[in-house]
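Please treat every number below as a calculation from the coordinates, not as lab data. What you are looking at is a predicted structure, and each value in this text was computed from that prediction instead of being measured. Note that each Cβ is placed from the backbone with ideal geometry, even for glycine, and that neighbours are counted across all protein chains shown.
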Amino acid sequence: MRVTNSMLSKNFLSDMQTNLDNLRILQMQLTSGKEIRKPSDNPFKVSRAMQLHTDINTNKQYNTNIKNTINWLDETDTSLNQLGEQFKRMRELLVSSGNAGYGSGEREKIKDEINEIIGQISQTLNSSFDGKYIFGGTRSTAKPTEVIKGPKVTEPSHGLVLGDEVPGKAEALGKYSAKENKDFVIKINEASAGEVKKVSVSRDGGKTFEDPIEVKDGKVDIGDGLTFKIEKSDGNVKDTEYKFIAIAEGNSKLVFNSREGKPLREESLAKVTDINNWKGKEITFIDRDLSSKEVLENPIKISVGDDISDIDSLVKSLNDNIEKSDLSGKVKAVKIIDGENSSVKFVSTEKNHEVVIDGNKSNTSVENDLNGLKGKAIGNNEYEMMGDSLITEVSQGVYIDYNVVVTDLINFTDAKGNEKDLRGILEGIIRDMDSEDSSVSVKDLVTEDLANIDHVIDNVLKLRSKVGAKQNRMESAEEKNKAENFDMTEILSKTEDIDFTEKTMEMAVALSVYMASLQTSARVLQPTLMDYLR
């Protein structure tokens, strides 16, 4: 085969292009530090690198979540420590109140300090971090508790609405003058043509009522410096009850706080003792407008399906039928599971309305399960939100709830399984401090009240230990996250980064080949006549 200059030239140009491409690739790798510059360089490695970048960025977000959660838990632990110290100081004061040498003056000073501690407790429960109330659950933008200081009387709220019988607006006028806190209940005994004739007064939350008192011009003197006033109503309001709290001067009362800055009404639970009791039955509700205090509709009946089999299907049946009624958008049913017990919670979802379970027309077959709910207004879902857990993702598919809720601090169960309420415990201490019978009150202070404070301290310690366990878990998650990030970064480096030593040597070899090819071709290609004459 005859080899021509043209063939040599073409082969030379082809080989030179190959050498130049190798030099170009090596030059780009050395200047960028990366093995690949575009998907066509190595589709598999590009896909692998993109996935690793996504995983590393996701892991960095997990790490941010973990660090924020650790900071939150640190603040929670600090607040729980403060609560523990406040309750310990209260315990010391209760022990001191049992000193036989103390008189009413010393106990009065102890009570004043306890009232201040109640204010401190509320302040601690309202602790915030990063713009959120740490004990507020998912309702983290409104402080969970408030302290009402006396002399103060809360706004009366009615406890019973039946059919078209609508209570009139009520007020407690005057300045409360008694020395101890009282839970007033005003029960209407006689009314006609919208005019209230007689009422009975209870000062212990409805446990005992005094003899009926006549009402003149819509007003009645209920003692302790207070006058109860009720406007005319549109019907016979006999047996309607109005409840309010009177706080004595110098005393404090801890309450849940609503978004509107008023004491929060808690939720109502209907127990489900037997699911068969609910099959095909009806619950009657009354819808009232809060602004006008008027019933908007006739009593609304909500049916339960015959095909319910468990708590989930019961709640679904209730909500499906609520959506088909005039209560749509105003009420919902929520499932509550506590151990082996099942309950249905009715919550209000529209703040301009108040929905009441009708005390007369609720079906008798579910009456036991609705016991305590009939005639009571359904609360909104703020209480439920304050009991919700905050959840964060710390790894793929791994979620951790990290907050302590105010409801766990106020409503708890002691070691013997007895339900306790911090508000009631504090209220009992103040009442015993105010009691005129010093012998009985001192005994209660150093026995029952002291035992209750011990239960509160135990509950705070239990919650704090849970926080400590979560802190340990989050620190462990942080270490695991760092190790994963390091490992993935190493794999990514092996996938897309170059070995500079290796590439430098390859560059030197490629450059030598390129220079040699130039020199060789310069000698072989394009000979002139002078070359032949030599």
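Asp130 to Asp21: FRET efficiency via 1/(1 + (r/R0)^6), r the Cβ-Cβ distance, R0 51 Å, to the nearest 0.05?
Calculated value: 0.40.
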Set the Förster distance to 51 Å, then compute FRET efficiency between Leu511 and Thr54 from the Cβ-Cβ distance, nearest 0.05. 0.85
Apply the Karplus curve 6.51 cos²θ - 1.76 cosθ + 1.60, θ = phi - 60°, to the phi angles in the range 462-468 and return the couplings in whole Hz, x for Gly and Pro. 5, 5, 5, 5, 5, 4, x
Listed by chain and number, the residues whose amide H is under 5 Å from that of Val331, excluding neighbours fewer than 5 places away on the same chain and using placed H, are Thr349
Potential lengthening between Asn319 and Asp487 on full extension [0.36 nm per residue; Cα-Cα distance subtracted]: 55.5 nm
In the range 1-109, which chymotrypsin sites (Phe, Trp or Tyr not before Pro) fall in coil by DSSP and have 10 or fewer other Cβ atoms within 10 Å? none
Amide H neighbours of Ser389 under 5 Å, at least 5 residues apart or on other chains, H built in the peptide plane: list them. none
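Please give the length that would be gained between Ala451 and Ala522 if that part of the chain were fully extended, namely 0.36 nm times their separation in residues minus their C-alpha to C-alpha distance (nm, one decimal).
15.1 nm
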Size of charge dipole - the range 1-101 - debye, nearest 20, with Cβ of Lys, Arg +1 and Asp, Glu -1, no other charges: 580
The range 410-479: trypsin sites (Lys or Arg not before Pro) in DSSP coil with no more than 10 other Cβ atoms inside 10 Å: Lys416
All Cα pairs of the range 1-107, percent lying beyond 20 Å: 74
Taking R0 as 45 Å and r as the Cβ-Cβ distance between Ser177 and Val334, the FRET efficiency 1/(1 + (r/R0)^6), rounded to the nearest 0.05, comes to 0.55
